[in-house]
Amino acid sequence: MAIDVDVPEMGESVSEVTVLEWLKGEGEFVEKDEPICVLETDKANVDLPSPASGTLQQLKQVDDTLNVGELLARIDESEKPAAAPASPDVAETPAPAVAEAAPAAQTPAQEPAPAAAAPAGVDLSDLSPAVRRLVEENGLDPSQIAGTGRGGRLIKQDVLAFLKQRERDEQDSQPAAATAPSSPAPTPVAPTPPPAPPVQTPAAPPAQTAPVPPPAPAVPAPVATGSNGTRREPMSRLRKRVASRLVEAQQTAAMLTTFNEVDLSQVMAVRKRHKEAFQEKHGVSLGLMSFFSRAVVIALQELPAVNGSIDGDEIVYHDHVNLGIAVSTERGLLVPILRNAQSLSMAQIGGEIKRLALAARDNKLALDELSGGTFSITNGGVFGSMMSTPILTPPQSGILGMHAIKDRPIAVNGQVVVRPMMYTALTYDHRLVDGQQSVTFLVRLKELLEDPARLMLEI
């Protein structure tokens, strides 16, 4: 029996995806919940797990753009894994393979060693096409690479990280290799045999570094098409989608931004007094985002419209708070969702934010961790922003912008004092949230943060 694999729902604002990479090849046997491909959305790249165990039939190609619900592949449950009988063969081959690998490792330097080690290590047939290609092209031994996938499975990111680390190690060894040739310059010297392998490797690096300067002169050549030094390059698929979503948000919502400022001296004092004890007890740091998240949750429960959304002619009010926390990654800004934040303690909020941030940066977020948000927080202050107007993530009706903390003189009880101040910004959908509600929200946030005891007592 064949099971259809459709493009799943990936959040309210995601309507289409692009097939970025197939992790399993046509006709390969896959286990249930094993990732079969990578789908690209305007939020992130996500692995799609197989809904059943069976043989994969690919119906779409890499770079194909699909709508949510569209048929992507099929899993034939009637076929059993061909890898099962292959395990005895693997048990027979290691002994001779090791015998071959040992002499091969003695004669050549670096390249043949991995090639010979590969048969003695993990069977290449167990790897995904993308991983197998990387391993074969770079002459790697899969058994020497730690797998972080499901069940210790080797994934593409593991191989890329291994290659990057190997490149760093080679660069670090270059100075030592450079000094070696100066002494072995006389050929008759006996020590030449040991330095012989390094002498070949340095010869390659200079050849790599030599071409690097030519590309630099080569860049100005095309740039010089315009006398003003302009150049053009095509937008990536991800950037195109992000641009499209941002324009859509501007066109579909009546966005307005309200500002306020917060004195964070009390929050910083609490953190200073209790951060070590908090870390020791809960295993997570007492971060500023935990205070803001808790304050936002309380304010949203008192002003449900800011936590609501518009669906056609209806207003949807949420009893729960699914808090989106913007995280900056190499691929752009991702917004993983802190689910049911209203039921989490300060320590739980801090731990979950840390987990989601690490998963976002390692591209290991699950589909449900990127969808279903009711309100979002973005912190431009980590980049030095003093003030900004964040943009809504449809269908959400509110997003809070945090900014840099700066010591500024303010008036307190008729006296000028210097306090750590932050500007806060609330962008909201004016169709649902009016001015009075937006101001009330920011004032409530200010009250809770300037007197942190209110966060615990919820008063």
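The values are calculated or read from the model by the stated rules, or taken from the named source; none is laboratory data. Because the structure is a prediction, the values reported are computed rather than measured. Virtual Cβ from ideal backbone geometry, glycine too; neighbours counted across all protein chains shown.
Just a few scattered comments:
- Search result, residues across segment 388-422 that are over 20 Å from GLY324 (Cα atoms) and surrounded by 21 or more Cβ atoms within 10 Å (Cβ to Cβ): MET422
- Every residue from segment 383-399 that is β-branched (Val, Ile, Thr) and at pLDDT 90 or above: THR389, ILE391, ILE399
- Restricting GLU34, GLU26, GLU12 to residues that are among the acidic types (Asp, Glu), modelled with pLDDT under 85 and surrounded by fewer than 21 Cβ atoms within 10 Å (Cβ to Cβ) narrows the list to GLU12.
- None of ASP368, ASP429 is of a type in the set (D, E, K, R), closer than 21 Å to HIS318 by Cβ and buried (at least 22 other Cβ atoms within 10 Å of the Cβ) except ASP429.
- Members of segment 271-284 that are surrounded by fewer than 16 Cβ atoms within 10 Å (Cβ to Cβ) and either over 20 Å from GLU450 (Cβ atoms) or touching a residue at least 40 places away in the same chain (Cβ under 8 Å) (or both): GLU276, ALA277, GLN279, GLU280, LYS281, HIS282, GLY283
- Hits in segment 304-333 - residues which are hydrophobic (A, V, I, L, M, F, W, C) and out of contact with any Leu (no Cβ under 7 Å at 6 or more places or on another chain): VAL316, LEU333
- If you go through segment 347-360 and keep only what is closer than 19 Å to ARG454 by Cβ and surrounded by 19 or more Cβ atoms within 10 Å (Cβ to Cβ), you end up with ILE349, GLY350.
- Figure legend. Inter-residue proximity from segment 427-445: first residues over 17 Å from GLN251 (Cα atoms) and in the same structural domain as LEU256 (by TED's automatic domain parsing), second residues part of a strand (DSSP E or B) and of a type in the set (Ser, Thr, Tyr), beta-carbon distance below 8 Å, spacing 6+ or different chains. Indicated pairs: GLY435/THR258; GLN437/TYR428; SER438/THR258; SER438/TYR428; VAL439/THR258; LEU442/THR258; LEU442/THR424; LEU445/THR424.
- Residue in segment 221-252 that is modelled with the lowest pLDDT, counting only those that are under 26 Å from the mean Cα position of the chain (by Cα) and hydrophobic (A, V, I, L, M, F, W, C): LEU238
- Within the set ALA366, ALA299, ALA411, ALA347, the sole residue that is within 30 Å of ILE155 (Cα to Cα) and of a type outside the set (S, T, N, Q) turns out to be ALA366.
- All positions within segment 290-311 that are surrounded by fewer than 21 Cβ atoms within 10 Å (Cβ to Cβ) and not small (Gly, Ala, Ser): ILE298, GLN301, GLU302, LEU303, PRO304, ILE310, ASP311
- Cβ-Cβ under 7 Å pairs, at least 6 apart or on other chains, segment 17-46 side under 16 Å from ASN363 (Cβ atoms) and without any contact (Cβ under 8 Å) to a residue 40 or more places away in the chain, far side among the acidic types (Asp, Glu) and surrounded by fewer than 18 Cβ atoms within 10 Å (Cβ to Cβ): CYS37/GLU21; VAL38/GLU21
- Screening the candidates PHE278, PHE291 for the property of being touching a Pro at 6+ places or on another chain (Cβ under 8 Å), in a helix (DSSP H, G or I) and farther than 20 Å from GLY372 by Cβ yields one hit, PHE291.
- Figure legend. Inter-residue proximity from segment 385-403: first residues touching a residue at least 60 places away in the same chain (Cβ under 8 Å), second residues among the β-branched types (Val, Ile, Thr) and part of a loop (DSSP other than H, G, I, E, B), beta-carbon distance below 6 Å, spacing 6+ or different chains. Indicated pairs: SER397/VAL433.
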